[in-house]
Amino acid sequence: MPTYAYILVSLALFFVGAAGVLLRRNVLIVLMSVEMQLAAGTLALLSFSRALGDQKGHVFAFFVMALAAAEAAVGLAIVVSVFRTRRTASLDEVNGLKG
Amino acid sequence: MTIAAAQIVALSPLLMITGVGCLALLLDTMAKGRAPALWLAQLGCVAALLAVANQWMGSGSSQPIWSGMLIVDRMALFLDGVLIIAALATLLVAAPFMREHEFEHGEHYALVLFATAGGMTVVHATHLLSLLIGIETMSLAAYLLVASWRRQPAGAEGALKYLLLGAFAAGFLVYGTALVYGTTGGEMSYAGIAARAARAADNPLFIMGAYFLLTGMLFKIAAVPFHMWAPDAYEGAPTPVTGLMASGIKVAAVGGLVRLLGSAFANPGLALGHAGWVRVLGGIAFATMTWGNLAALRQENVKRMLAYSSIAHAGYLMIGLVALGQKVDGAQPALLVYLAAYAATTLGVFTVVAWVGRRDDERLLIRDWAGMARTRPAVALAMTVLLLSLAGVPPTGGFFGKFYVFRAAMQSPDLAWLVVAAVLNSLVSVYYYLRIVVAMYFRDPVRPWQPFPSVGMAIVLFVTVVVVLALGVVPRPVVELAAGGLVTHW
Amino acid sequence: MNLAAHSASMAETIVFAILSAGVLVGGLLTVTRRNPVSAVMCLVLTFAALAGLFATLSAHFLAVLQILVYAGAVMVLFIFVVMMVNREESTPIARQGLVTRAAGVLAAGYVFYRVAWLVSHERTLPLLAASATPPVKDFGTVSAVGALLFADFLFPFEAISLLLLLAVVGGVMLTRHVREDHSSRVS
């Protein structure tokens with residue numbers, strides 16, 4: 001399949017993830033949407049990598065994967081921390097700080 | 001690839017900070033109490049500063065090392081110095097603060113060092129991968145530090161917002177890298193991108209990639225409209241951490257932007273076109289400083305007000321970046337001087353904020369600061385000097401920082417409107433900084449004042465005030481240093 | 001021979017279509033589920049389909065990593081936390097600042113539309129039209145990626161270990177039990 005098809009898929013996935021981040025209220029779903037965005041970036045990287053015949057894209061994608069895993073771990077730890085005090089997973093209720 | 005010893009030595013400050021951070025973690029598990037880990041961390045900072053000085057002596061030519069991932073030039077070493085000093089100051093302030101509020105733990109010190117290591121990677125980066133890893137290391141450590149005061153729910157909430165938006169920005173950084181990689185024919189190093197930018201600038205996908213990268217970086221310096229996380233994160237974090245975020249992390253992010261925009265995206269077709277990043281950044285700079293100032297006017301909470309003021313300062317800093325894009329000669333040294341002055345001032349201000357709160361009486365509202373001048377005149381005077389520096393009133397470092405940046409920007413006629421707007425904004429900002437001064441000097445105390453004694457905080461406060469005044473009274477040596485040794489010849 | 005090539009590319013197209021549908025449908029389902037557990041399952045589907053797409057791009061090493069790391073470790077972590085924090089939402093869309101966010105989504109949608117149009121329009125560019133695996137030996141295999149990783153990319157390789165350490169330290173620091181005694185032992 002030509003590269004542009006893969007790029008279109010990765011763009012669509014990226015924007016679906018962005019919509020999820022902006023619109024959803026449940027923190028976990030927002031985190032999952034961010035993971036989707038990172039995965040979309042990885043897909044774009046690998047498509048260009050094949051188009052150019054260049055391995056560097058694969059190496060970068062490898063690092064993105066490690067980064068996404070670390071970010072997910074920290075994000076989930078913070079969610080658990082918030083949940084322990086507020087007993088909610090909703091962004092609307094997490095607003096003790098308005099001012 | 002054989003690793004030459006010279007390459008490892010060139011990175012000695014970074015390796016020292018990282019190594020000491022790991023050792024501090026280890027020491028915390030083994031030793032009784034927190035003091036050994038803290039002392040190790042502080043000594044490590046001092047040692048790293050010596051390593052920076054050592055590198056400075058020998059940094060004649062500067063070539064990218066580690067296969068084009070990093071570069072060790074004077075700008076990077078200067079910013080390294082600023083970051084390490086910010087870390088040291090944060091450690092000195094954080095320890096008594098945590099002891100007073102009873103949430104001390106050794107990981108905090110290690111996290112401060114790791115955040116600094118990330119920041120140092122960012123300012124040395126000459127490749128999109130090292131930039132990404134540096135930014136993310138710095139950010140992850142910051143998220144954890146913001147959430148570290150477990151008994152304050154505000155901290156975890158602020159950290160959550162920071163993390164969600166920060167991860168969103170990371171998504172943009174990754175996708176932007178993918179687009180730039182594809183459209184430049186496989187280049188991810190700044191030099192490579194710069195070489196191909198002339199041809200690739202015609203390709204809309206390349207431009208989109210560049211803007212995605214810019215968006216990701218702008219999130220990190222809390223520019224409008226990507227600033228939504230900053231007030232909550234700054235307010236919820238323990239005060240020493242807020243100080244680190246406002247000084248060290250912002251300095252590192254701006255440093256990363258300087259290098260990214262100055263080398264990779266410096267191509268005139270990309271920078272100065274109809275919708276080139278110079279114009280776009282100019283608009284964002286205006287929005288940032290205006291919005292930051294207007295929002296700060298309405299704040300009663302000192303930390304939140306300082307958060308908005310920090311956003312406004314990011315706007316002023318961006319003027320320097322825009323001038324850099326216009327290829328103004330003095331822009332880069334001016335920006336570096338401003339960064340140093342801003343970092344010193346911010347660290348001092350947050351030290352005072354950390355100092356005035358006790359275990360059950362945080363004193364975070366402006367009216368809580370009433371009457372400080374009567375019982376603690378030295379601290380009140382120091383705070384006044386620092387606030388005047390933030391406002392840009394002579395003879396302080398903050399004034400000269402702004403002066404040099406605005407002067408550099410004025411050399412390009414396109415930017416005159418921006419400088420005028422910035423000066424107006426600075427005048428407006430004087431009002432909300434002076435509210436605190438007025439409360440300290442001209443109001444009666446609400447409750448008796450008992451800031452807790454702390455040698456570390458006193459040292460930090462004293463040093464930052466001295467630096468701010470020194471930069472204000474004799475700025476010449478620093479400026480000459482910046483202009484002579486620090487200008488990178490892209 | 002022409003028939004074989006034709007049916008091979010037909011098969012390729014069909015496989016691509018199925019996998020992309022899996023990715024996009026999975027993605028849309030993930031952001032629209034009310035129940036976080038369902039959302040996690042849909043995300044696993046998305047990542048699995050994505051791994052398939054990686055394989056069609058000759059990125060074999062990364063396809064396996066995607067399954068192991070993403071669809072495996074990260075999603076299991078998500079499931080644990082979802083189970084701990086599981087609260088179904090009454091109204092899935094956030095209320096606060098809805099206008100700004102809706103505007104953001106519309107802007108994003110517009111950007112997507114323009115870029116997608118652009119990509120389709122330019123699809124004859126050599127960059128965007130390439131479809132065969134390049135004749136580089138071992139493209140996408142572990143050895144090829146590893147050779148670069150330990151040569152040119154040594155610094156990021158070492159630096160990312162710091163990032164992972166941060167994640168571990170953070171996970172422990174934020175979730176361990178807070179003791180209420182007044183010694184300055186733990187937070």
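The values are calculated or read from the model by the stated rules, or taken from the named source; none is laboratory data. The structure presented is a predicted model; accordingly, all values stated were derived computationally and were not measured. Neighbour counts run over all protein chains shown; Cβ positions are idealised from the backbone, glycine included. Side chains are part of the model used for accessible areas, which takes the heavy atoms of the whole protein and leaves out ligands, DNA and RNA. Shrake-Rupley method; radii C 1.70, N 1.55, O 1.52, S 1.80 Å.
Here are the numbers for the structure shown:
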quantity: Karplus-derived HN-Hα couplings along segment B:251-258 (A = 6.51, B = -1.76, C = 1.60, θ = phi - 60°), whole Hz, x at Gly and Pro; calculated: 4, 5, 5, 5, x, x, 5, 4
quantity: Inverse mean reciprocal Cα-Cα distance (Kirkwood Rh) of segment C:9-88, Å; calculated: 13.2
quantity: Carbon plus sulfur fraction of accessible area for chain B, probe 1.4 Å, in percent; calculated: 68
quantity: Candidate lysines for bridging to B:LYS250, where Cα separation is under 22 Å - those fewer than 8 sequence places away on the same chain excluded; calculated: B:LYS161, B:LYS220, B:LYS303, B:LYS402
quantity: Whole-Å distance, taken between Cα centres, linking segment A:14-67 and segment C:140-157; calculated: 20
quantity: 10 Å Cβ neighbours from other chains, averaged over peptide B:452-462; calculated: 0
quantity: Segment C:29-91 versus segment B:68-96: alpha-carbon centroid distance in Å; calculated: 38
quantity: In sequence order, calculated HN-Hα J values of segment B:161-168 (Karplus, 6.51, -1.76, 1.60; Hz; x Gly/Pro); calculated: 5, 4, 5, 4, 6, x, 5, 4
quantity: Angle in degrees between helix B:35-58 and the longest Cα principal axis of chain B, rounded to the nearest 10; calculated: 40
quantity: Protein accessible surface hidden between B and A, which excludes ligands and nucleic acids, total in Å², probe 1.4 Å; calculated: 3800
quantity: Residues with amide H under 5 Å from that of B:LEU364, placed H, sequence gap 5 or more; calculated: none
quantity: Exposure rule at most 11 other beta-carbon atoms within 10 Å, DSSP loop trypsin sites (Lys or Arg not before Pro): chain B longest free segment; calculated: B:33-297
quantity: Charge dipole magnitude, Cβ of K and R +1, D and E -1 - the protein assembly as shown, Cα centre, debye nearest 20; calculated: 1320
quantity: Electrostatic dipole magnitude of chain B [Cβ: Lys, Arg +1; Asp, Glu -1; Cα centre; debye, to 20]; calculated: 640
quantity: Whole-Å semi-axes of segment B:322-420's equivalent ellipsoid (Cα gyration tensor); calculated: 35, 12, 11
quantity: Long-range amide H partners of B:VAL224 with built H, under 5 Å; calculated: B:THR288
quantity: Rounded to whole Å, sorted largest first: equivalent-ellipsoid semi-axes of chain B, Cα gyration tensor; calculated: 34, 26, 21
quantity: Number of partner chain Cβ atoms within 10 Å, mean per residue of B:183-190; calculated: 4
quantity: Solvent-accessible area per residue, Å², over segment B:294-404 with all protein chains present [probe radius 1.4 Å]; calculated: 27
quantity: Model label zone, B:MET410; criterion: amide N under 16 Å from point 7 Å along Cα-to-beta-carbon; scope segment B:366-401; calculated: B:393-394, B:399-401
quantity: On Cα atoms only, tilt of B:377-391 relative to the major axis of chain B in degrees; calculated: 30
quantity: Kirkwood Rh (inverse of mean 1/r, distinct Cα pairs), the protein assembly as shown, angstrom; calculated: 26.4
quantity: Shielding of B:139-148 by partner chains, average beta-carbon count, 10 Å; calculated: 6
quantity: Sorted peptide list for B:124-132, C:68-76, C:47-55, criterion being average Cβ within 10 angstrom, highest first; calculated: B:124-132, C:47-55, C:68-76
quantity: Phi-based couplings in Hz for segment B:465-473 (Karplus 6.51, -1.76, 1.60; Gly and Pro marked x); calculated: 5, 4, 4, 4, 5, 4, 5, x, 8
quantity: Amide H within-cut-off set for B:LEU70, under 5 Å, with H built and near neighbours excluded; calculated: B:ILE65, B:THR126
